[in-house]
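Structure, as structure tokens:
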């Protein structure tokens with residue numbers, strides 16, 4: 001996401017993409033148990049005013065819902081690309097938003113230049129400005145020049161079609177693109193334009209919930225019911241954080257999400273046991289859970305994102 005200043009400069013320079021919108025953020029707000037709606041926070045500064053002298057009272061919200069052209073109210077992911085467009089992934093297709101209107105993209109039966117499906121789990125723009133779309137039945141890359149999609153396949157002849165449920169996309173500092181699926185982790189072979197499996201016994205065939213890296217560039221992969229795994233830059237196994245760890249024993253092995261703070265501590269989000277933070281330098285793990293008697297505790301013990 002661009003900063004407010006960067007976004008403002010882009011809008012001033014490129015007035016054709018929502019030229020009246022000076023600054024913006026996207027939020028996914030929960031509307032019910034089964035539906036979520038997208039909110040676009042708009043700030044309209046005076047055209048002749050100083051952009052640094054805005055006031056909070058000038059902020060306003062505009063609801064972006066299916067009635068506005070959004071393909072579905074069930075929003076699963078979104079990002080802003082380097083050109084300023086907002087891309088919104090839903091349960092019924094992908095949407096490009098220019099600040100004024102939506103352009104929907106959906107699967108078209110028999111058209112291999114369309115999306116492979118409509119359930120958009122995750123989005124990523126890599127360092128090469130490629131937009132990747134992770135779906136529940138595969139992976140696509142957006143071709144900006146042709147306004148179409150390329151479907152990415154396996155690099156093996158045994159499995160020519162990549163149809164796994166893609167849950168997470170990540171680019172490491174070596175510019176390798178990683179994808180997490182319900183059947184393990186894969187990395188992109190740019191030379192052959194295909195994906196290769198990450199062949200590690202704990203990862204192969206597992207349901208990947210997240211992929212990331214620490215400040216040293218070491219790879220972190222969380223696997224459903226197996227814990228969190230740490231690998232060096234070359235992909236060699238370093239450590240596994242799980243309920244049986246002698247020093248960093250987790251409350252459960254179903255780690256849904258993780259994040260690293262400025263001190264390189266690893267924060268964990270459990271499926272049903274709250275959260276925890278691993279401090280590798282202090283060799284400690286601290287747990288956090290909901291308590292009915294503590295209003296400052298977690299609201300719930302199910303932590304889905306960090």
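Details
- Extreme residue, surrounded by the fewest Cβ atoms within 10 Å (Cβ to Cβ), among residues of the range 106-138 that are in contact with a strand residue (DSSP E or B) (Cβ under 7 Å, 6 or more places away or on another chain) and more than 26 Å from residue 175 (Cβ to Cβ): 112
- Candidate set: the range 194-208, residues that are touching a residue at least 24 places away in the same chain (Cβ under 8 Å), under 22 Å from the mean Cα position of the chain (by Cα) and assigned to a loop (DSSP other than H, G, I, E, B); chosen: the one nearest to residue 168 (Cα to Cα): 207
- Listed here are the strands (runs of 3 or more DSSP E) enclosed by the range 62-113 that have at least 2 residues being over 16 Å from residue 144 (Cα atoms): 75-80, 86-90.
- Of all residues in the range 261-284, one or more are within 22 Å of the chain's Cα centre (by Cα), over 20 Å from residue 203 (Cβ atoms) and touching a residue at least 40 places away in the same chain (Cβ under 8 Å).
- Some residue of the range 140-153 being surrounded by 17 or more Cβ atoms within 10 Å (Cβ to Cβ) and either out of contact with any strand residue (DSSP E or B) (no Cβ under 6 Å at 6 or more places or on another chain) or more than 21 Å from residue 192 (Cβ to Cβ) (or both): no
- Members of the range 232-260 that are in contact (Cβ under 8 Å) with a residue 24 or more places away in the chain, closer than 18 Å to residue 171 by Cα and surrounded by fewer than 20 Cβ atoms within 10 Å (Cβ to Cβ): 233, 235, 257, 259, 260
- Output for the range 214-231, where each listed residue is on the phi > 0 side of the Ramachandran plot and buried (at least 19 other Cβ atoms within 10 Å of the Cβ): 227
- Residue within the range 171-190 that is in a loop (DSSP other than H, G, I, E, B), at pLDDT below 95, touching a strand residue (DSSP E or B) at 6+ places or on another chain (Cβ under 6 Å) and surrounded by fewer than 21 Cβ atoms within 10 Å (Cβ to Cβ) present: yes
The values are calculated or read from the model by the stated rules, or taken from the named source; none is laboratory data. Predicted, not measured: the structure shown is a model, and the values here were computed from it. Cβ coordinates were reconstructed from backbone atoms using ideal geometry, including for glycine residues, and neighbour counts include every protein chain displayed.
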